[in-house]
1. Please work out if Lys229 is charged (D, E, K, R), free of Cβ contacts under 8 Å to residues at least 24 places away in the same chain and surrounded by 15 or more Cβ atoms within 10 Å (Cβ to Cβ).
2. Go through (1) at pLDDT below 90; (2) touching a Leu at 6+ places or on another chain (Cβ under 6 Å) one by one and return the number of the condition Lys76 breaks.
3. Given the structure, is Asp89 surrounded by fewer than 18 Cβ atoms within 10 Å (Cβ to Cβ) and either touching a Lys or Arg at 6+ places or on another chain (Cβ under 9 Å) or closer than 25 Å to Val187 by Cβ (or both)?
4. Anything in the range 40-51 that is buried (at least 18 other Cβ atoms within 10 Å of the Cβ) and either hydroxyl-bearing (Ser, Thr, Tyr) or modelled with pLDDT of 90 or more (or both)? List them, or say none.
5. Of all residues in the range 203-222 being part of a loop (DSSP other than H, G, I, E, B) and among the charged types (D, E, K, R), which is most open to solvent (accessible area, probe 1.4 Å)?
6. From the list Gly37, Gly28, exactly one residue is modelled with pLDDT under 90, farther than 29 Å from Ile178 by Cα and of a type outside the set (Ser, Thr, Tyr). Which is it?
7. What are the pairs with Cβ atoms under 6 angstrom where one residue, in the range 191-202, is part of a strand (DSSP E or B) and the other, located anywhere, is of a type in the set (Phe, Trp, Tyr) and modelled with pLDDT of 95 or more? Sequence gap at least six, or different chains.
8. So which residues in the range 159-184 are open to solvent by 10 Å² or more (accessible area, probe 1.4 Å) and among the β-branched types (Val, Ile, Thr), if there are any at all?
Amino acid sequence: TTQLAAHLAAAASSTGGSGGNDDGEASGAAMAGNGGGGDDRYGHHPSSSGKIIAFDLDPIRFKRLCKNVSHCGADKIVSPELRDFLSVDPREEARFGEVRGILLDPSCSGSGTVHSRGDTLLNLNVSPLSSASSSQKKEMTEAEKRRVDTLAAFQEKCLRHALNFPRVERVVYSTCSIHVRENEMVVASVLAEAERLGFALHRALPQWPRRGFPLFDGCEKLVRVNPNKDKTDGFFLALFVKKCDQ
């Protein structure tokens with residue numbers, strides 16, 4: 001049940017994708033404390049004495065999170081909190097000082113969720129871009145780029161915050177985006193700081209064939225899911241592990 005609770009907290013606390021805010025103001029995270037075994041996607045599962053704290057800033061998603069936790073009988077393991085992850089200061093709040101694992105699932109563009117949104121069933125001829133003029137298409141494309149850049153800056157901030165928890169051993173960064181700007185580039189932007197803090201990228205889901213785009217050394221340790229080739233929603237995952245814990 002602890003493994004189920006860890007997966008539940010991670011999934012239910014998601015703020016990315018079509019179901020979440022993508023304005024760069026919401027962050028979702030599930031944090032686990034007090035040792036246990038590792039897992040390639042979620043980075044950490046608590047032992048029977050461990051706890052999971054799941055954050056969501058959006059009241060509607062928070063209600064769904066609480067409902068899912070209760071439905072799965074994980075009330076004794078998962079503690080949902082209606083709160084922005086960025087507001088958590090582990091040096092000021094002692095209960096967060098012992099956190100060992102963090103699954104970070106911040107707001108993202110949701111560009112990989114074509115299957116769950118049903119885009120693959122739509123006639124592409126009726127898409128907004130298909131009927132737009134050249135100038136309108138350019139304006140829409142530029143607006144989307146600005147939106148993704150804003151989200152990526154926020155994602156970087158969240159990831160840096162997670163890596164700076166004093167006793168954290170594993171940090172998982174995930175999105176349901178297919179954009180390099182929200183995925184490989186976010187990881188690249190924090191690598192120097194992660195290494196300074198004693199972290200290294202770890203090869204997550206080693207049997208999964210699709211890896212990160214080769215933009216820097218170590219991208220083969222990243223996980224990508226292609227919504228077209230893999231017949232499911234697009235997904236990205238990076239696992240940072242404290243070097244002494246690898």
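The values are calculated or read from the model by the stated rules, or taken from the named source; none is laboratory data. Bear in mind the structure is a predicted one, so any value in this text is a computation, not a measurement. A quick note on method: Cβ atoms are made from the backbone with ideal geometry, for glycine too, and the neighbour counts reach across all protein chains shown. Ligands, DNA and RNA are excluded from the accessible area calculation, which covers all protein heavy atoms including side chains. Shrake-Rupley method; radii C 1.70, N 1.55, O 1.52, S 1.80 Å.
1. No, not satisfied.
2. Just one mismatch for Lys76, condition (2).
3. Considered against the rule, which asks whether it is surrounded by fewer than 18 Cβ atoms within 10 Å (Cβ to Cβ) and either touching a Lys or Arg at 6+ places or on another chain (Cβ under 9 Å) or closer than 25 Å to Val187 by Cβ (or both), Asp89 comes out as yes.
4. Scanning the range 40-51 gives a single hit, Tyr42.
5. Asp217
6. Gly37 is the lone residue from the list that is modelled with pLDDT under 90, farther than 29 Å from Ile178 by Cα and of a type outside the set (Ser, Thr, Tyr).
7. These pairs meet every condition: Phe199/Phe240.
8. Ile178, Val180
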